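Chemist: Next up is a structure, given as structure tokens.
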Amino acid sequence: MMQMDIGQTVEIIYMDKAGKITQRKIEVHGIRDGRIRATCLSTGAPRVFLVANILAWQPVQERRYA
């Protein structure tokens, strides 16, 4: 199992409390007590995500151009 780190940008599949499933890219600011504080990169809004509701995640690979 990979570990999410503070400052890392990750892509998540998330199910909200209404059961709606969304895919988002977030920048992680803090992880504590089963919650992830982050900025949603599509809206720029600060959000709190429940770890239990994250269905899948992966680190976002930075694209480097020569």
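The values are calculated or read from the model by the stated rules, or taken from the named source; none is laboratory data. Only a predicted model underlies this, so the values are computations on that prediction, with no experimental measurement involved. Backbone-built Cβ (ideal geometry, glycine too); neighbour counts: all protein chains shown. What goes into the accessible areas is simple: the full protein's heavy atoms, side chains included, and nothing from ligands, DNA or RNA. Shrake-Rupley method; radii C 1.70, N 1.55, O 1.52, S 1.80 Å.
Chemist: Of all residues in the stretch 25-58, how many are assigned to a strand (DSSP E or B) and either aliphatic (A, V, I, L, M) or surrounded by 13 or more Cβ atoms within 10 Å (Cβ to Cβ) (or both)?
Modeler: So the count comes out to 20.
Chemist: A further question on this structure: From the residues in the stretch 1-24 that are open to solvent by 80 Å² or more (accessible area, probe 1.4 Å) and closer than 15 Å to N53 by Cα, which one is farthest from the chain's Cα centre (by Cα)?
Modeler: The selected residue is A18.
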